[in-house]
Structure formats: C-alpha cells, structure tokens
Amino acid sequence: MKKNVTHKILEAHLVEGQLVPGTEIAITIDQTLLQDATGTLALLEFEAFGLDRVKVGLAAQYVDHNLLQTDNKNADDHKFLQTAAARYGIHFSKPGNGVSHQVHMERFGVPGKTLLGSDSHTPGAAGVSVLGIGAGGLDVALAMAGSPYYLTCPKVLGVTLTGSLPDWVSAKDVVLEMLRRYDVKGCVGMIIEYSGPGVASLSATDRETIGNMGTETGATTSIFPSDERTREYLEAQGRGAAWVRLAADEGAEYDERTEIDLSQLEPLIAKPSSPGNVVPVREVAGIKVNQAIVGSSVNSSFRDLMVAAKMLEGRRVHAEVNFHVNPGSRQVIENVAQQGGLISFLTSGARVHEPGCQGCIGMGQAPGTGEVSLRTFPRNFPGRSGTQDDKVYLCSPETATAAAISGVITDPRDLAQEMTYPRIEDPKKYIIDERSIIFPSDGLRETAVVTGPNIKPLPALDALPETLAAEVVLKTGDNISTDAIMPAGNKVLPLRSNIEAISEYVFSAVDPGFAQEARTRGTVVVIGGVNYGQGSSREHAALAPRFLGVRAKIVKSFARIHKTNLCNFGILPLTFKDPADYDKITEGMQVVLRDIRGRIARGDRDIPVDVDGKTIMTVLDVSDRQRQHLLAGGTLNYVRKQIGAKQNS
C-alpha cells in the first residue's frame, strides 16, 4: 500500500497494535519535552519510579511559562527543575532562553522522530517534520522512563496545498482557515498531514506555526514532509547532518482529504472567545484596538518578528495602543537585532520582552477592562488573558502590526498604498546560541535535587470502590476548556507543584464555590457537554479535581488529552449513550454506579448510572490497559504496583 508520512513514522515506532483508526496503539518515543508549568509535577512522577536516569533518546526541560518571580515559588521551582534535570540526564533550558517549541525546533528537532511533550502545542515540531504529540505530564514521565506511549490510532486528514501565499497573508492565515473549516473539535481523532506543491512555498517556521495551532482543531498532531526547505532550515541552524528526506508515496491514501489554494487566502482573524470563531479581517475592520502582541507560543520566529519590525520602520505605534513583542528564543532576538529589527521595535515604541510565553498563559500582559487585544497567540479562551470578560482576537503578525500602527483592526492589505509588503527571507546561517542550555553530563549525575517549600509530595489516591455513590456538584456546557477547569495566570501557575493549594482554584472561573462544595460532599460527579476539556495538556485539570473528590465525569464528548489525563488519575470518563440524558441531570442530584469495579474489570462498555433513582446509560470507551489503571485509582498506583511486583520476583 502507498504510505503517507504519518503512517511511515508510526510504523517505524509501532510496538503494540495495528494502524487501525479507533484502536489503541503504542509507539516508542525518541524525545520528550517538559515545560515548567507542567514539568515540576512530571518530574515528581518520574522520581516516583525510582530510576537513576532517563531512558529516552533525548529529554529536555524548558522554563518558559512561570517567568515572573513575584515571590519565592517560581524561583524555587526553577531550582528544582534544574537540579533534577542535572541528576537524571535531561537538557535544561534556563529562564529567558525561550519558548520550548521554538528552542526545541532550533536545537533538537530531527525529521521522522517522535516527540512527546507536556504541552498541547508540541505539534509545532511539524516545522521540522517531527511527529510531536501533546500529552499529560504523567505520560511524558512514563516515556522518560522508557515506556511506550499509548494512544488511540488516529485517522489521517490529508490537506493538499496548492499555489503560494499572496502579499499580506501568512502561515497564521493558513491555520486560521483550517479552524474556519473544522472549528475546535472537527479534527478530534485525526492527524493532519500537509502535502502538495504549495508546501514548498512554506518555510520551516511557517510550518511550525501551522502545526502549533493545529492543536486548536482538536487534532492529535500535524505533520509536514521533510524536503529541501527543511534541509535549508537545519543547515542554517548548523544541524544539516540531522536532515533526512521524508515524503508520502505517490498516490498515498488518506482517510479524509481537503485542499487549500494558498493563493486564494485572505487575512483571517478569530474573534472572541474561541480559536474557531474565524472570519475575514475585513468583516471586523475598524474596531478600536488597545493592545497588540506579536510572538509567544506561536509566531515568535525570526520571520514573524522581522515582518513586524519592517512594517514599523520609520513609524510609531498608535498613541492609544500598547504593542508587545515576545521573542520565541534568545537566538531569535539576537538574529532580529543583527538585521536591525530590534532598533525598529525600540524606536517605534514597542515593548520588547524576554523570550517566553508571557501573556499566552496569562502571565502578565493582561488587557484593561473592556479593551480589545489582538494577539498572534494560539488561544483566546474566556479569561485566559487574565482579564475577565476579555476581548481577545487571534491573528497574524501582519494583522496585529497593522492594528498597532492604525489603532483599529485593519486588513493589512490596506497598507499596500503606504508600504511595500516585507517578504522576509530566513538567514542562510543563523547566529546560533545554545549557551543557556545545560547539557547532560556524567559530572552532573551526583547533583542533589533541591526541593523548595513550594513543592509538595504527590497526593495519595485510593483505588476505585466496588460501588461509587456521589453527588452532582457542577453541570457545565459545551467546549469547556482546561483553563475553565484549572486556570492559569500569575496567581495560580506558581502552585503547580502543590496540589492541595492549587485545588482551591478548580472551576473557580465557572463556580467560585466549587472547591468548598466538593470537599463538603466528599465524592462528586461533574456533568459536561461536547468537547469537554479542550485546550491545554495540563494534568492538573484532572489531578486537582480528583484531590477534591471528583471520581467521575459524565459528558457528551471529551477532548483527547483531558480524557487520557482523567484515566491517569482514576476519574471515570463516561459519555452519555443518549445525549438527551444530559438535560435530565441537574446539580444536587445523587448518582450511584453499582458494581462499578466488577463492570470495569469485566470489560463492560455500557455503564448504567442511577440518577436520583432513575437509570441512564453511559459509555466507558477506554482500553483494557486504561481499565486496569482506573481500577487501581490511577496510572501511578498501577505502575508502582508493577514495579514492586518485579522487584519482589
């Protein structure tokens, strides 16, 4: 059979199962990625395995989220991460060195490799043809321990690209077009694979933008072929020896197909408050803008910053606009500075920040009350910016910069009369800077891991009881994000390694009294709608509710990573067999799951649930492996038991 790129990579790494969509498979992982907001918990989980060293080809730990040091917490966490990385053989990227996705692509990405990251935007690795998958920290910890990664075999959506992008339209508009077509859940259970003659017109960093934000469609990941543009980028990074050609066979098969003519695209923008709420920029042109931001998790490459810098040459940012620039890496800003871009930013009145995620995760850069903010970020979920009732739009660097100049949302094509579109060529040879990466060495093996007062032991989780009796404490609607379940921001993020403390904020954006109510009830159930748990890979959105007594979630459908995280921490991920039953349940109702241990052990898929004395049917769609983890009360309990059994034998 003629193979696509996805199947070539998966087949080369397959250790269990067959590539049949909907069935569970296991693949070996070549590289792992942790960032600091999820890394502290993941490293605590890795330590629990009792191993002396990581057992994956390359492991990297980045500090890019919790950069604000308003007290001791983040600084203490960074020391823990650095010493643990030294002790266990993990590459450590220091604070200020850059965003994990950008730095990993610059220094470590290798075409055809698999990368598992505790960040949902890990699929940005598609920029150099790496199959990057976002996952919960526990899954990444297991991969670091040498275990394969288990996932539901996805379908492959083939996207044929033709033509090339016109002036004032860029890679961000390509992925916004995908979101316009598929919204935030249309690609759940799929890998998006790009091919066709238009691919050659996109640079490696263009492809990173598309892969990164492809996460917002619900896709497992995205992938591009490894071609001459990939080789050019790796050679410019001084890593040409890492390049290999990787392409789909002629006539390769795909489960679904679509086509995008790049030459027909126009500037697009996602309106508040969903990445899928996409319209042409011209439809919202003229709205007053108070803030514009280029960079951060996505659109923070040399090209993206330089196009903004060139647009600002000889101009000033509008007097009523705050324009922020978040470089993707220290290397990016050094190269931008060499090309004169930094002077352009400074003389225009832009605010240039240290390389990192910044406002993308709600760590600063919050807009004012009622203000409109245009951002090149991947997400605009309600309140994610740090401001309640925010008005955040997602757009390209061209559109964000045009608004910064004019003071209103502007179709960047309208600037054609006063400036020539700055088509940016990537450097033939980048200034390479990896001095802020601490590489593993034998000399660091004896490093003592420093655990500050903010880092608490993992909470003990009990096994699943024979019968589960609980109360419905919260009922939510569709597209509830992990931001709504477990908020980010500078008040909550520093508590990521203290589950007891962070649990106080569970559902605080939806129901401020949830934590107290859950503790009072003891054992609780949450009801949800479609695409429950979309967004971030943060496993805290599963572990913190479990700490409060949540033992089951019954929803219409789950987002991929969150469902896995629920299984990892012993929360039953149930879906309504008849979605109409959602309307029959209200907060305060009593829920009983009788003989639930027996049903899960027997492999029952249909699970009856008594709700105030009446029975509704739900579905437990998990693998046999996940059933064992649920019975044990979570994956860590199960793995510890397995390790203990091996040691005793």
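Where a number appears in this text, it was derived from the coordinates with a stated rule and is not lab data. If you're wondering where the values come from, they're calculated on a predicted model, not measured in any experiment. Using ideal geometry, Cβ is built from the backbone for each residue, glycine included, and neighbour counts are taken over all protein chains shown.
Can you tell me the dipole magnitude for the stretch 1-148 around its Cα centre, using point charges on the Cβ only (Lys, Arg +1; Asp, Glu -1), in Debye to the nearest 20? Numbers along the way, then the final one.
Details: 11 positive and 15 negative charges, 105 e Å.
Dipole about the Cα centre, nearest 20: 500 debye.
For the stretch 406-439, which GluC sites (Glu not before Pro) are in a loop by DSSP, counting at most 14 other Cβ atoms within 10 Å? Don't skip to the end; give the middle numbers.
Details: sites: Glu418, Glu425, Glu434; in loops: Glu418, Glu425, Glu434.
Hits after loop and neighbour filter: Glu418, Glu425.
For the stretch 270-424, what's the relative contact order in percent, using C-alpha pairs closer than 8 Å and at least 6 residues apart?
On the way: 349 pairs, mean separation 53.2, N = 155.
Worked out over the stretch 270-424, it gives 34 percent.
Could you compute the net charge surrounding Glu177? Neighbours are other residues with a C-beta less than 13 Å from the C-beta of Glu177; K and R count +1, D and E count -1. Walk me through the intermediate numbers first.
Values: positive: Lys172, Arg180, Arg181; negative: Asp173, Asp183, Glu216, Glu259, Asp261, Glu266.
Here the charged neighbours net out to -3.
Out of residues 5 or more away from Ile133 or on other chains, whose amide H comes under 5 Å of its own, with H placed 1.01 Å from N in the peptide plane?
Residues meeting the amide H criterion: Leu115, Leu116, Gly117.
Kindly rank 242-254, 323-335 from highest to lowest mean number of other beta carbons found within 10 Å of each residue. Show your work: numbers first, answer last.
Numbers: 242-254: 15.4, 323-335: 26.5.
Those peptides, ordered most packed to least, come out 323-335, 242-254.
Less than 13 Å Cβ to Cβ from Phe558, Lys/Arg counted +1 and Asp/Glu -1: what total charge do the surrounding residues give?
Combined, the nearby Lys, Arg, Asp and Glu give +3.
R0 = 60 Å: FRET efficiency of Met617 with Ile343, Cβ-based, nearest 0.05?
Details: r = 65 Å, r/R0 = 1.09.
That pair, Met617 with Ile343, gives E of 0.35.
So for the stretch 558-649, averaging the separation of alpha carbon pairs under 8 Å that are six or more residues apart and normalising by length, what relative contact order in percent results?
35
Given a cut-off of under 8 Å on Cα pairs at least six residues apart, what relative contact order in percent is computed for the stretch 9-146? Don't skip to the end; give the middle numbers.
Working: 265 pairs, mean separation 40.4, N = 138.
Averaging sequence separation for qualifying contacts and normalising by length gives 29 percent for the stretch 9-146.
Given the rule -39500 (n - 2.57) for each run of at least 4 DSSP H residues, summed and divided by the residues of the chain, what is its mean residue ellipticity at 222 nm, to the nearest 500 deg cm²/dmol? It would help to have the intermediate numbers written out before the result.
Values: 20 runs with 188 residues, N = 649.
Here the helix-only value at 222 nm equals -8500 deg cm²/dmol.
Using modelled amide H (1.01 Å from N, peptide plane; none on Pro or chain starts), what sits under 5 Å from the amide H of Val408, excluding residues fewer than 5 places away?
Sorted by chain and number, the residues that satisfy this are Val289.
Using the structure shown, list the pairs from Lys8/Lys155; Lys271/Lys391; Lys8/Lys113; Lys185/Lys391; Lys55/Lys456 with a Cα-Cα distance above 18 Å, or answer none. Don't jump to the answer; show the numbers that get you there.
Values: Lys8/Lys155 14 Å; Lys271/Lys391 8 Å; Lys8/Lys113 11 Å; Lys185/Lys391 22 Å; Lys55/Lys456 25 Å.
Where the Cα-Cα span goes over 18 Å, the pairs concerned are Lys185/Lys391; Lys55/Lys456.
Rounded to the nearest 20 Debye, what is the dipole magnitude of the chain about its Cα centre when Lys and Arg each give +1 and Asp and Glu each give -1 at the C-beta? It would help to have the intermediate numbers written out before the result.
On the way: 67 positive and 75 negative charges, 199 e Å.
In debye, rounded to 20, the chain gives about 960.
Check the straight Cα-Cα distances from Lys288 and name the aspartates and glutamates below 20 Å, setting aside those fewer than 8 residues away within the same chain.
Once the sequence-local aspartates and glutamates are set aside, what remains near Lys288 is Glu320, Glu371, Asp389, Asp390, Glu398, Asp411, Asp414.
Going by average Cβ neighbours within 10 Å, how do the peptides 301-309, 120-128 rank, with the highest at the top? Don't jump to the answer; show the numbers that get you there.
Numbers: 301-309: 28.1, 120-128: 30.4.
Ranked by mean Cβ neighbours within 10 Å, highest first: 120-128, 301-309.
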